[in-house]
1. Looking only at the stretch 2-60, filter to residues that are among the β-branched types (Val, Ile, Thr) and crowded, with 23+ Cβ neighbours inside 10 Å; which one of those is farthest from residue 209 (Cα to Cα)?
2. One residue is enough: does the stretch 72-83 have a residue meeting the conditions of a type in the set (S, T, N, Q), touching a Phe, Trp or Tyr at 6+ places or on another chain (Cβ under 8 Å) and under 27 Å from residue 213 (Cβ atoms)?
3. At least 1 residues that are out of contact with any Leu (no Cβ under 6 Å at 6 or more places or on another chain) and farther than 29 Å from residue 161 by Cα in each: list the helices (runs of 4 or more DSSP H) lying fully within the stretch 42-148 that qualify.
4. May I ask you to verify whether residue 126 is β-branched (Val, Ile, Thr) and surrounded by fewer than 17 Cβ atoms within 10 Å (Cβ to Cβ)?
5. Kindly list the number of the only condition in (1) in contact with a Gly (Cβ under 8 Å, 6 or more places away or on another chain); (2) not in a strand (DSSP E or B) that fails for residue 22.
6. Yes or no: residue 64 β-branched (Val, Ile, Thr), crowded, with 20+ Cβ neighbours inside 10 Å and more than 20 Å from residue 173 (Cβ to Cβ)?
7. Looking at this structure, is residue 259 among the polar types (S, T, N, Q) and modelled with pLDDT of 95 or more?
8. Take the residues in the stretch 198-232 that are charged (D, E, K, R) and in a loop (DSSP other than H, G, I, E, B); name whichever of them is modelled with the lowest pLDDT.
Amino acid sequence: MSGRIERAFARARKARRAAFIPYITAGDPDPGRTVALARALERGGADILELGVPFTDPIADGATNQRAAERALAAGTTLTTVLETVRSFRLTSDLPLVLFTYFNPVHAYGLARFSVDAASAGVDGVLFTDVPVDEAGPAHEALRRVGIELVLLVAPTSTRARVKAVRRLAGSFVYFVARSGVTGARTTLEEGLEEQVRLVRKLTKTRVAVGFGVSTPDQVTRIAQFADGVVVGSVLVERIAELGDAPELPGAIEALARSFALATRRK
């Protein structure tokens, strides 16, 4: 393992804050701008970056991220393009990168080949939205061989037995879905979120990052008091959709990211 994810969480904890984990879709608004947006997010305070791989049937995503995937695909983005983007970004940055993807593109690419190419490009972690823990063994092993972490999802509906099963394959952190359903900005947090996160941490014996629906600095501050990391995606993707190819896009994304990064400090 590169250790970049582990070190990012350790730095955040030392600074008495949760790790800030922004998400954007690779290739949106076009592949040529993704590196500039990733750099803007890093300047804005990102600890770890989630980079979405666009897919034609993104069943875990809400309308905002679905449209982002459509724009990225229309611009010619492929899994190969995404890996090339990571490679370009890695030339000038040590920021940890997690690919957020569905299994189909990786299956078509070839799991073993993908694992080797992703490691060579500089990927630190991979999250499959549609691979349950009881079917994740082959992916975990292929990624482990090349030093990449498999990031597993835990949902509010996950049973204790399933959460315990996640423990066997978990790396630096697990991703807790803040609510049932798909991605997308929400104005309120689910009841009992803190208790659920604490239970997942106890059962998995690893860090817990919370995402899906986190869309305001106030929500980030509240989650940061009990979670190890906070994922913010749809609100950033919406801003990208609003500005498109405008020259001010990177600056706007950096400023928006900074407002969330500052909100991760613990009281």
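The values are calculated or read from the model by the stated rules, or taken from the named source; none is laboratory data. None of the values given here were measured: they were computed from a predicted structure. Glycine gets a Cβ as well: all are built from the backbone with ideal geometry, and neighbour counts include every protein chain shown.
1. Within the stretch 2-60, the match that is farthest from residue 209 (Cα to Cα) is 34.
2. no
3. Details: elements: 63-74, 79-90, 103-109, 111-121, 137-145.
The helices (runs of 4 or more DSSP H) meeting that bar are 63-74, 79-90, 103-109, 111-121.
4. So residue 126 does not fit the description; no.
5. If we test residue 22 against (1) in contact with a Gly (Cβ under 8 Å, 6 or more places away or on another chain); (2) not in a strand (DSSP E or B), just (2) comes out false.
6. Considered against the rule, which asks whether it is β-branched (Val, Ile, Thr), crowded, with 20+ Cβ neighbours inside 10 Å and more than 20 Å from residue 173 (Cβ to Cβ), residue 64 comes out as yes.
7. Working: among the polar types (S, T, N, Q): yes; modelled with pLDDT of 95 or more: yes.
Spelling it out, residue 259 is indeed among the polar types (S, T, N, Q) and modelled with pLDDT of 95 or more.
8. Ranking the candidates gives 205 first.
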